[in-house]
1. Among the strands (runs of 3 or more DSSP E) lying completely within the range 135-214, list those that include at least 3 residues that are among the small types (Gly, Ala, Ser).
2. Which condition does Leu63 not pass, out of (1) in contact with an Asp or Glu (Cβ under 9 Å, 6 or more places away or on another chain); (2) within 21 Å of His220 (Cβ to Cβ); (3) not hydroxyl-bearing (Ser, Thr, Tyr), if it passes all the others?
3. Give all pairs with beta carbons closer than 6 Å in which a residue from the range 189-203 that is in contact (Cβ under 8 Å) with a residue 40 or more places away in the chain meets a residue that is assigned to a loop (DSSP other than H, G, I, E, B); count only pairs at least 6 apart in sequence or on separate chains.
4. Among the residues of the range 21-31, which ones are out of contact with any Asp or Glu (no Cβ under 6 Å at 6 or more places or on another chain) and crowded, with 16+ Cβ neighbours inside 10 Å?
5. Can you tell me how many residues in the range 39-68 are of a type in the set (Gly, Ala, Ser) and either buried (at least 20 other Cβ atoms within 10 Å of the Cβ) or in a loop (DSSP other than H, G, I, E, B) (or both)?
6. Condition test on Ala106, is it under 16 Å from the mean Cα position of the chain (by Cα), touching a residue at least 24 places away in the same chain (Cβ under 8 Å) and under 12 Å from Thr181 (Cα atoms)?
7. So, in the range 215-236, exactly how many residues are over 26 Å from Leu84 (Cα atoms) and in a helix (DSSP H, G or I)?
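Where a number appears in this text, it was derived from the coordinates with a stated rule and is not lab data. Treat the numbers as computed from the prediction; the structure is a model and nothing was measured. In this analysis, Cβ positions are derived from the backbone assuming ideal geometry, glycine residues included, and neighbour counts consider all displayed protein chains.
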Amino acid sequence: MIPETAFILAAGLGTRMRPLTDDRPKALVEVGGRTLIDHMLDRLSAAGAKRFVVNVHYFADRLEAHLKARTDLDIVISDERDALLETGGGLKKARPLLGDDPIWVANIDSVWLEKDPDGTALKALCAQWNPEEMDAALLVTAMETSHGFDGPGDFFLTDGRLAFRNEAPSAPWNYMGVHITRPQIIDAEPEGAFSLSRLWRQLAPQGRLHGTVFTGKWMHVGDPAARDYAEAHLRA
């Protein structure tokens, strides 16, 4: 099943990306001739998404104006001008706009290279998705194929199920910033700022948090150095 609706997290302050974000949201930082948010919109559109909900906060007017220019896509704004809500709170705020079918959820600071240009990674995630067995399925990649990610890894992966690193010194898999989820997982949560990781930590022990492995080159574009690295590789 290919989700038709995508929620894109674009409200962050982009503090680590300064000075590139002194006059724009991180979503409008350009890499390889396109803004970060356009990279993700294009990826998800190619994978089959037809409707996009984007949250805004920092330089919200400028991001909204950019998105209105994307007349090729159906884009709806989830307005977080009043307060940043993090990933979980942002999803909760956008919930009335998302419907009840499974959705994509994506960060804007994730770009990648894969051998096939037809969106193999996202298609593989769709192929694995099974709402009867899982509440969220995350695209993950190995530490050795990651760039711009600081840390000892996020997850262990066994028979398609993810487990958090917790107290282990390291873990082999990183979350790439894109997943499919049942939007209902947010329904019982209170309003306000919180991370989706809180819910994932509840789902993992139940076997309801799954992962799909990406085998290309993933670049987390979180600061100017990582942006320059991604720029060089995308243009190459």
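1. Answer list for the range 135-214: 136-142.
2. (1)
3. Matching pairs, first to second residue: Ala193/Leu85; Leu203/Asp135.
4. Listed by number, the residues that qualify are Thr21, Arg24, Pro25, Lys26, Ala27, Leu28, Val29.
5. Residues in the range 39-68 being of a type in the set (Gly, Ala, Ser) and either buried (at least 20 other Cβ atoms within 10 Å of the Cβ) or in a loop (DSSP other than H, G, I, E, B) (or both): 3 in total.
6. Yes, satisfied.
7. So the answer is 8.
Here's the yes/no breakdown for (1) closer than 19 Å to Ala127 by Cβ; (2) not hydroxyl-bearing (Ser, Thr, Tyr):
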position	(1), (2)
Thr141	yes, no
Gly148	no, yes
Gly151	no, yes
Gly160	yes, yes
Ala163	no, yes
Pro172	no, yes
Val178	yes, yes
Thr181	yes, no
Ile185	no, yes
